[in-house]
Each structure stands twice: as structure tokens, then as C-alpha cells.
Amino acid sequence: MPKPILTIKNLTKTYGQNVIFQHLDLTVNEGDTIVIIGPSGTGKSTLLRCINLLTRPNEGQIWLDDLEITAKGTDEDQVRQHIGMVFQNFLLFNHLTALGNVKLGLTRVKHLSDEAATEKAMRELNRVGLADRANHYPGQLSGGQQQRVGIARALAMDPRVMLFDEPTSALDPELIGEVLEVMRQLSLDGMTMLVVTHEMGFAREVADRIVFMEKGYIVEEGSPDEMFNHPKFDRTREFLWKITELYGKKEKEAE
Amino acid sequence: MDFGQFISYIGSGTVYTVGVTLIALPSGLLIGTILALLYVYGGKAAARIMNIYSTVFRGIPPVVLLFILFFAVSKGINLSAFWAGSLSLGVVSSAYQMEIIRGALLSVSGDQLMAARAVGLSRMQAIRNVVLPQAVRLAIPPWSNEAAIVIKDSSLVYALGVPEILRRAQLIGASSQQYLLAYLSAAVIYFLLVSLTTRLLNQLEQKLSIPSNP
Ligand SMILES: Nc1ncnc2c1ncn2[C@@H]1O[C@H](COP(=O)(O)OP(=O)(O)OP(=O)(O)O)[C@@H](O)[C@H]1O
Ligand SMILES: [Mg+2]
């Protein structure tokens, strides 16, 4: 029996009159890598932000393991340390070194000693291949390196699930590979991952399931094989075709 | 009497000038920082109150405020002219320093706060460990400006009888009838104090600057 880590039921989010999504259901099982795709403005980022409570849904429930995190009186800070988040524009703390970025949550939230935090942080930096850049500041790192530090920072908290919001779309094409490679390895290591991305190569190869979202609805979800080769809906086929085409072109330009 | 004697007589008031500054600037910084944090993170009501505080205190000449605060304070508690004047100047400066810190806090992108919350830091922790350290760096250049202003405004306590540089210049000018020389000496000392301070703060700015690739 697969064990659900994230269970989303009937989730609705509106900004004023603007309905971002409605009655959304999604389950993420332990060890799964789920890729969410969909056009711009569909609510993908908003969904991720709802999951780690950076914004409050208007209706519906989210469970992390057996805990309903949308319940009244939930300790948000407590919940967030169990959910890792990786941002499109990295959002490293500019005034801290790579090591300092990874250590901050360990010392302030997990209350590890400085020594223990350094050791743990170095292990995570090593995992993303950046142990030799530990004392560099974000401004001294390439975009790809910054994003890998961002991943290490999230991993250091030993999260139950990692959320990625277009982690490579702000990167120069030649830097995308190193970040995707770290994510692929993470998926192989059994991390539970929810990834918003338009990297179809990654989705095809790494995802257990692909979720196609449009205009606030989940149009279709299935295995990469189902989605790429026998989609149930024309919209899915069209979108995948368009995105593969677009992405293929970008790749060619980079060569 | 020669210039050297003028400088040494007037210069002995430097203790008071520096003393007033060293009380007024930090107390203004402490109050200003707390008020700026309330302004930016304390909600609408707090922001409105801080806005009034800032507008009122910056809309009145410092010397007028100094007199008001001095007489208000010395009515309540028995403070020497030196302490009452210094603290009053600190309050005047706090309004300016609040605006400096507020601007710096707002210049740090809200995304930095969000990223810190995503790691699990509380709002207070995120502000303290992520926003403030970056804001402090941004605040140094305008703060250096304010430090220079407070050094110069410290001359206002002469009106309360504190024997600082300007007061002494006035005294020696009157007794020697060489007013020009007396005030020139005072000007030289103020100028040296201000440029030394500015230079030290410049060095601090360099020292704290975050390394990045050219
Ligand atoms: N804080 C906010 N206030 C008001 N509207 C918002 C807010 N955040 C997002 N929106 C709106 O919600 C909609 C969905 O935004 P969201 O960023 O979740 O989409 P997305 O699927 O991530 O798009 P993209 O691919 O461009 O990142 C957009 O129309 C956006 O304008
Ligand atoms: Mg988005």
C-alpha cells in the first residue's frame, strides 16, 4: 500500500474575485516524484504556496502525513520545516555564504549547535556537489550553483516532501543540466517531490506521475507514458506538443 | 592670544560635543530602529502612528524641539543640562533614523522574508536574521549623513549652557573680542570631527560589504 505524504482535498483559492483554482484534489505518495505542468497563470505557484502555508487557501484541506495542516491553530513554522521549498529565482540569503544559507535553519529552527549545524550543512552541500563553494556568497556563484545551494538549504531540514517551483526556468540553458541532475539523484534516493517544471525530458524520465493543470483545474494526470503517448484529452496532447516544441527549440539555440 | 590657544581652549569642549553625540546617536538609533520595525511590520495602525511621529518631529526645527523636550524632561526628572540635552537630541534624531531604517527595510525584497519563512523561521526570526542584517548594510551611507548632522546639531545644547565647542567659542570670543578667530577655530574642530566620523563609517561600509563577482 502506498503511503500518502501529502493529501489535498477540495482545495479552493481565490484572490478577491479572482478564482485561482477550485475543488482541487491531489495525493502525493511517499517516494513519488510528481511533475506539475500547465500554462502560465494557471495557479501552479499558488498551489505550492498553499501547501507550505505561505498563503492560506479559502477552502479545502491539506494533510501532511496524518496531520491536517490547514486546521485552525496549526503551528505554521512547525509545518514549514517539514516541507522544503525551492524557488524559481533561488532566493538565497544574500548576506550569508553558501554554508551560512544552509546552516540558518539548522541553528535557528532545529537549534543544533554551531558545530553540528556546520557538519550537517557540509554534508548537504557535498550532496549537491558544492562543498568547495561553502564559503562563497550568492553573488559569487553562478545561477546553477545558487539553485543547488537552495536545494541543499531545503534538504538540510530533512523535509518530508520537497516542493520545486520552476527551479530551472531562470537559468541559462547551459546551467539547467546540473540542477536537474541533482533533482534526478534526489528522486532516485527516494525523496518525495512535487515539481512544477517545463523540462519535459526530466518529466518523462524522472516523474512517477505528471499532472496537467489548466485554468485552475487538473485536466489530466497519469504516468509519463500515458501522458505523452496516450493522453485522454486533446488539451493535454496539444499542450505537451507545444511545450516540447518550445523547449526543443530553446535547447537547439543553446547548442 | 594666538590660534593655538584658541583651538586648545575651544577644543576642550570637544569632550562635551563627542559626549552629546555618543548619547544622542545611539539612543536615536535604538528608538528609530524599534519604531521603523513597528512602521514596516506592525500593521496599519502602527504605521499611521509612526507616520505622524515622523512628520511632526521632522517638521519642527531641532532647536525648538530641544527646548520643548528639555523643559518637559527636566520638569519630570532631575537631569543635568548635558543629559537632558543629549537625550532630547536623540529623540529628535530618532525620527530621521526611523526613516533611514524604514527605507532600508523596505529595500530588502519581501522574497527574502518568504524564503526564510519557508525554511521554518518565525516572522521575528526571519526579520532578525535575514532582513535586518541586509537592511543595516543598506542603511550605513544615509546613516553616516545623519551622524554628521547630529554632530553638528550637538552645538544646539550650547543654548542650554553646556560648555561644548560653540559655547566655548562664544565665551573666548567675547573675552578676547576676536570673534572671527574664535568661530573659525570652532568650525575647524567640527569639520575634523565630521570628516573623521564619515571616514570611519565609510570603512565600516567597506568592511561589511557582501562579496560578489565583478
Ligand atoms: N498575491 C496575489 N494577489 C493577487 N493575485 C495573485 C497573487 N498571486 C498570484 N495571483 C494570480 O493568481 C494567478 C495564478 O498565479 P500563479 O503564479 O499561481 O500561476 P502559475 O501557474 O505559477 O504561473 P507561471 O507559470 O507564470 O508561474 C495569476 O493570475 C496571478 O495573477
Ligand atoms: Mg509560477
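The values are calculated or read from the model by the stated rules, or taken from the named source; none is laboratory data. This structure is a prediction, so every number in the text was calculated from the model and none was measured. Glycine also receives a Cβ, built like all others from the backbone with ideal geometry; neighbour counts cover every protein chain displayed. With ligands, DNA and RNA removed, areas are computed over all heavy atoms of the protein, side chains included. Shrake-Rupley method; radii C 1.70, N 1.55, O 1.52, S 1.80 Å.
Kindly tabulate the residues in segment B:112-126 with an accessible-area decrease of at least 50 Å² between the chain alone and the assembly of all protein chains, using a probe of 1.4 Å.
Buried by the other chains: B:Gln112, B:Met114, B:Ala115, B:Arg117, B:Ala118, B:Val119, B:Gly120.
To the nearest 10 degrees, how steep is helix B:14-41 against the longest Cα principal axis of chain B, on a 0 to 90 scale?
Compared with the principal axis, the helix lies near 20 degrees.
Which residue, B:Arg58, B:Arg168, B:Arg199, tops the fluctuation ranking in a GNM of chain B built on C-alpha contacts under 10 Å?
Highest fluctuation of the listed residues: B:Arg199.
Which whole-number value in Å² is the accessible area per residue of the protein assembly as shown, probe 1.4 Å?
Result: 48 Å² of accessible area for each residue.
Ratio to report: Rg/Rh of segment B:87-214, with Cα atoms as the point set and Rh obtained by the Kirkwood method; give two decimals.
1.17
Taking H placed 1.01 Å from N in the peptide plane, check which residues at least 5 places from A:Gly38 or on another chain put their amide H under 5 Å from its amide H.
A:Met213
In Å², nearest 100, what accessible area do chains A and B bury in total when the solvent probe is 1.4 Å?
Working: alone 12580 and 11800 Å², together 22330 Å².
It comes to approximately 2000 Å² buried between A and B.
Sorted from largest down, what three extents in whole angstroms do the Cα atoms of the protein assembly as shown have along their principal axes?
Principal extents (Cα only, largest first): 102, 45, 41 Å.
What's the local net charge at B:Ser122, with K and R +1, D and E -1, over the other residues with C-beta under 15 Å away?
Working: positive: A:Arg80, A:Arg108, A:Lys110, B:Arg117, B:Arg123, B:Arg128; negative: A:Asp75, A:Glu76, A:Asp77.
Charge balance near B:Ser122 sits at +3.
Quick one: angle between helix B:43-58 and the longest Cα principal axis of chain B, in degrees between 0 and 90, rounded to 10, please.
20
Quickly work out the A:Gln17-to-B:Ala47 label distance, labels modelled 7 Å from Cα along the C-beta direction, and quote it in nm with one decimal.
Between B:Ala47 and A:Gln17, the simple spin-label model gives 2.4 nm.
Work out, in µm²/s and without decimals, the Stokes-Einstein translational diffusion coefficient of segment A:121-225 at 20 °C, 1.002 mPa s, Rh from Kirkwood over C-alpha pairs.
Estimated via Stokes-Einstein, D reaches 146 µm²/s.
Counting only protein heavy atoms, what percent of the accessible surface of segment A:163-255 is carbon or sulfur at a 1.4 Å probe? Let's see the in-between values first.
On the way: 2550 of 4960 Å².
Answer for segment A:163-255: carbon and sulfur cover 51 percent of the accessible area.
To test your reading of the geometry: what angle, between 0 and 90 degrees and rounded to tens, separates the Cα axis of helix B:62-76 from the longest principal axis of chain B?
Once rounded, one gets 90 degrees.
Among B:Ile23, B:Ser54, B:Ser175, which residue has its Cα furthest toward the positive end of the charge dipole of the protein assembly as shown, with +1 on Lys/Arg Cβ and -1 on Asp/Glu Cβ?
Of the listed residues, the answer is B:Ser175.
Looking only at A:Leu130, A:Leu112, A:Leu53, which one moves most when chain A is put into a Gaussian network model with springs between Cα atoms under 10 Å?
Of A:Leu130, A:Leu112, A:Leu53, the Gaussian network model singles out A:Leu112 as fluctuating most.
Run the helix sum for chain B: -39,500 (n - 2.57) per DSSP H stretch of 4+ residues, divided by residue count, reported at 222 nm to the nearest 500 deg cm²/dmol.
Dividing the helical sum by the residues of chain B leaves -27000 deg cm²/dmol.
Based solely on its DSSP helices, what 222 nm [θ] is calculated for chain A when runs of n ≥ 4 H residues each add -39,500 (n - 2.57) and the sum is averaged over all residues, nearest 500 deg cm²/dmol?
Helix-only estimate at 222 nm: -12000 deg cm²/dmol.
What do the square roots of 5 times the Cα gyration tensor eigenvalues come to for chain A, in whole Å, largest first, as semi-axes of the equivalent ellipsoid?
So the equivalent ellipsoid measures 29, 24, 16 Å along its semi-axes.
Kirkwood hydrodynamic radius for segment B:3-208: how many Å is it when counted over pairs of different Cα atoms?
It works out to 18.6 Å.
Give the cross-link partners of A:Lys110 among the lysines, using a straight C-alpha distance below 19 Å as the criterion and excluding same-chain residues fewer than 8 apart.
Answer for A:Lys110, where 19 Å is the Cα cut-off: A:Lys120, listed by chain and number.
Determine, from the Cβ-Cβ distance of B:Thr14 and B:Asp111 and an R0 of 41 Å, the FRET efficiency 1/(1 + (r/R0)^6), rounded to the nearest 0.05.
0.30
For a Förster distance of 51 Å, can you work out the FRET efficiency between the beta-carbons of A:Ala131 and B:Phe3, rounded to the nearest 0.05?
The value I calculate is 0.20.
Can you tell me the FRET efficiency between B:Phe71 and B:Leu184 if r is taken as the Cβ-Cβ distance and R0 is 35 Å, rounded to the nearest 0.05?
0.60
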